[in-house]
Amino acid sequence: MALGLLAGSPLLSGVDLAAAPATTIHPALWPERPPALPTDAALEARISALLGEMTLEQKVGQLIQADIGSITPNDLRHYPLGSILNGGSSSPDNNEFAPPSEWLTLADRFYDASMDPSHGPHPIPTMWGTDAVHGHNNLVGATIFPHNIALGAAHDPELIRQIGDITAREVRATGMEWTFGPTLAVVRDDRWGRTYESYSEDPQIVSVYAAQMVLGLQGKPGTPQFLDSAHVIATAKHFVGDGGTGGRDQGDNRASEVELRDIHFAGYPPAVSAGVQTVMASFSSWQGIKMHGNADLLTGVLKQRLHFDGLVVGDWNGHGQVAGCTNISCAAAINAGVDVIMAPDSWKQLYANTLAQVRSGEIPMTRIEDADRRILRVKLRAHLLEEGKPSSRPLAGQFELLGAPEHRAVARRAVRESLVLLKNANHLLPLKPAQHVLVAGDGANSIAKQSGGWTITWQGTGVTNMNFPNAETIFAGILSTVQAGGGTAELNVSGNFKARPDVAIVVFGENPYAEFQGDIGSVEYSPGDRSDLELLRRLHGQGVPVVAVFLSGRPLWVNPHINASDAFVAAWLPGTEGGGIADVLFKAPDGSVPHDFHGKLSFSWPLTALQSAVNRGDGVKPLFAYGYGLKYADNGNLRKLPEGGGSTVSAGTDSQVFFLAGKPGSGWSWIASEDAHAAAIPSGVGVVGSVRMSATDRAVQEDARQIRWNAGAAAVGLAAKVPINLQRETNGQLSVGFDYRVDQAPTSNVLLQMECGPGCKGAVDLTKTFANAPRTAVWSHVKVPLACFANAGTHMDAITQPFELSSTGQLAVSVANIRLESGTDALIACTP
């Protein structure tokens with residue numbers, strides 16, 4: 001693929017790009033493709049007939065998508081919405097571990113509701129979208145493939161097509177017909193929390209993989225398999241430029257139009273040519289303009305220039321970020337070209353407001369009917385008007401497809417092909433199985449950690465090995481391989497051993513995260529926590545050969561860890577088939593090598609902790625260049641790498657962690673106020689007026705703080721000099737969570753407040769929560785949704801105090817681990 005098509009040509013087709021405003025898009029200079037499918041006169045006639053029979057309410061309803069956590073089948077009988085979704089934290093009856101049968105039953109109930117006679121003589125069936133981004137990853141028991149960054153390292157397009165085909169079959173078994181994938185981001189700054197959703201920093205890989213994944217998910221256009229009962233509707237996302245926002249999720253891409261087109265747009269032409277039926281608009285902006293409101297790109301480039309005739313779907317309340325819009329009202333996004341508004345929890349008011357905007361002419365009827373035509377075209381191509389209820393479809397209820405042996409075999413192959421060998425001193429690898437192997441590190445026996453985010457839960461947290469019935473940990477794979485070869489394996493996370501090992505395999509790396517919760521300030525691995533490094537050094541210092549298996553969703557600066565290892569493997573986030581790692585690390589019992597290393601870096605590996613944006617062809621020298629990856633026959637010795645330069649980036653104000661392990665998060669400090677007088681409380685220990693703070697223990701010594709009110713109105717909280725923006729976190733349904741222990745019951749009201757500057761705050765009443773708490777030195781946990789504070793008047797884009805407890809009476813409460821959290825456990829309702 002030729003990058004920089006316009007490079008050296010500032011004047012092309014009569015357009016002076018150098019003189020054009022930075023926000024101007026020139027659709028005529030973008031690639032043009034013929035329609036993936038020829039015009040089907042019979043199909044279009046049928047769509048026209050359906051449109052002629054639909055009421056205005058039905059036409060508007062088709063444009064609205066609600067989340068199953070905020071809509072019931074009974075709601076759908078009264079509101080003719082066109083589609084539903086399950087977000088990363090949504091599930092049947094709010095049970096993230098619900099069995100497949102409950103998902104299928106719920107799909108039937110929503111389908112039946114959408115076809116209810118209350119919608120008139122011509123109801124339109126709903127369709128269900130899900131984030132099946134590395135397998136059918138919301139379902140317990142499904143095959144979980146390596147995340148995209150690993151697949152990029154495999155450099156195997158045919159493998160990608162097989163993964164798409166398997167994912168489609170497992171999704172169809174549970175009654176759904178639409179997945180929000182593949183992600184076609186070309187990530188240029190590895191600090192971004194969604195880096196692992198990208199195949200590569202190189203647009204060429206993304207371009208090739210885009211078509212193959214779409215073909216796997218949907219089937220080939222023009223064949224009987226296209227969108228048949230064994231395939232699903234695919235979504236190319238996030239259009240466009242989401243990988244170029246400087247490492248910040250939902251940020252602003254400042255690239256030129258040329259860079260936007262030649263780098264970030266690269267995956268979309270092949271995806272459209274492969275017949276992709278839906279495209280998701282990005283949360284991000286380009287040159288300050290939110291993509292959900294960018295008509296030049298959504299309509300001018302995607303729909304008109306690329307001749308994309310499917311539908312454009314928004315992202316989770318992404319329309320609410322468009323200038324002049326809110327979550328419940330956004331004509332601008334529809335007019336710009338978004339056909340389906342993803343309004344997970346705002347759907348009811350959005351539906352009413354959109355109806356009013358159509359009636360007033362703010363949204364032209366021609367735009368509504370264009371969107372409806374696109375939605376109906378997708379539904380008809382997917383045979384949704386003929387297939388009947390989900391449980392009646394051919395693969396529905398075949399739950400043996402979830403984690404089927406043949407599916408797991410492909411996932412295991414994907415693991416083998418994606419591993420990248422960075423160091424192999426003195427040809428330590430491959431290992432002989434007939435020896436005593438120590439397996440250490442907190443990733444060795446954790447399926448959650450090896451799978452990463454978007455695994456059963458949105459963040460991939462709150463799950464245990466018990467939640468993965470069709471899976472194998474990395475240790476289990478090693479144990480099986482070693483025992484088959486006549487050796488022994490010993491698991492000890494801390495690296496202690498009973499019998500001296502011949503070799504140690506240490507599995508460590510990033511803990512699970514998703515989206516903005518994974519954004520980081522530098523590409524240094526685990527700044528401030530050297531426990532993994534100390535483990536490697538301790539074993540190495542004992543003369544034990546050390547193989548490091550590094551689990552991560554991005555390349556990270558790990559120079560000290562590489563130095564402390566004899567062999568170092570980038571294993572990415574391999575998913576549920578941990579045995580694929582042992583397949584490559586070990587020889588066969590007869591001494592042969594069944595699997596050499598195959599993977600080559602699809603992302604450049606940073607030389608320093610500051611090198612977050614190093615990409616192929618940019619002239620910057622990385623530690624390991626794009627395409628690097630050793631084979632067993634290669635010289636794997638490395639010179640000692642420089643270890644200076646870690647922890648050099650100013651962390652700024654932490655927007656996720658406010659108080660943890662006895663210390664305020666970066667940029668935060670304790671403050672108390674009484675009678676309009678405010679004072680800092682250094683280290684959270686001291687007295688201000690009638691308020692006393694002291695250190696106490698939660699899990700370890702002095703990791704919590706007790707706050708005692710004696711009399712009078714006073715408040716204690718965490719404050720920062722630089723405000724933080726929590727709008728995206730509010731939209732993402734995050735909460736302020738903290739551990740608490742009530743040591744003296746409140747004698748008056750207790751409020752948890754969030755401040756946004758002088759005179760700007762919102763409060764939630766915690767009086768009942770604290771009054772009903774046990775008095776037996778028991779710690780509890782509570783989560784207060786950020787939306788509660790927003791509803792109470794807090795300006796979420798300028799938070800100066802994310803946590804402030806106030807009371808007018810006596811109270812003693814101890815608090816610990818104050819931070820933003822996802823999930824619905826321990827969640828309280830909004831009470832002003």
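Derivation of every value follows stated rules applied to the coordinates shown; laboratory data play no part. Just so we're clear, the structure is a prediction, and the values are computed from it rather than from any experiment. Here the Cβ is made from the backbone with ideal geometry for all residues, glycine too, and neighbour counts use every protein chain on show.
Here the peptides 353-361, 297-305 are ranked by packing, the mean other Cβ count within 10 Å, and the order with the highest first is 297-305, 353-361.
Dipole of the chain computed with +1 at Lys/Arg Cβ and -1 at Asp/Glu Cβ about the Cα centre; of W347, A336, G164, farthest Cα towards the positive end is G164. Here's the picture: charge each Lys and Arg Cβ at +1 and each Asp and Glu Cβ at -1 in the chain, and of A790, T608, H134 the one pushed furthest to the positive end of that dipole is T608. A simple packing score, the average count of other Cβ atoms within 10 Å per residue, orders the peptides 630-643, 804-817 as 804-817, 630-643, with the highest score first. Quick one: which of K449/K640; K423/K640; K640/K663 span more than 23 angstrom between C-alpha atoms? Pairs exceeding the cut-off: K449/K640; K640/K663. Close amide H contacts of G636 (hydrogens built in the peptide plane, cut-off under 5 Å, sequence separation of 5 or more or a different chain): N424, N426, H427. Computed from phi, the 3J(HN,Hα) profile of region 460-473 under the Karplus parametrisation 6.51, -1.76, 1.60 (θ = phi - 60°) reads x, 10, x, 10, 10, 4, 5, 8, 10, x, 10, 8, 9, 6 Hz, with x in place of Gly and Pro. Since only T455, A98, A274 are under comparison, the one whose Cα sits farthest along the positive direction of the charge dipole of the chain, derived from C-beta charges on Lys, Arg, Asp and Glu, is T455. Compute the separation of the alpha-carbon centres of region 152-212 and region 315-375 and state it in Å as a whole number. Region 152-212 and region 315-375 have Cα centres spaced 29 Å from each other. Count Lys and Arg as plus one, Asp and Glu as minus one, and take only other residues whose Cβ is under 9 Å from that of H264; the net charge is then -1. DSSP beta bridges fully contained in the chain are about 60 percent antiparallel. Calculate for the chain the 222 nm mean residue ellipticity that helices alone would give, adding -39,500 (n - 2.57) per DSSP H run of length 4 or more and normalising by residue count, nearest 500 deg cm²/dmol. Mean residue ellipticity at 222 nm (helix-derived): -6500 deg cm²/dmol.
Using R₀ = 35 Å, calculate the FRET efficiency as 1/(1 + (r/R₀)^6) where r is the Cβ-Cβ separation of E702 and N426; round to 0.05. So the FRET efficiency works out to roughly 0.15. Spatial offset of region 741-762 relative to region 550-593 amounts to 49 Å, using the alpha carbon center of each. Taking every alpha-carbon pair under 8 Å whose residues sit at least 6 apart, the chain reaches a relative contact order of 12 percent. For the set K432/K600; K290/K721; K303/K348; K587/K621; K59/K389, the pairs lying more than 32 angstrom apart at their alpha carbons are K587/K621.
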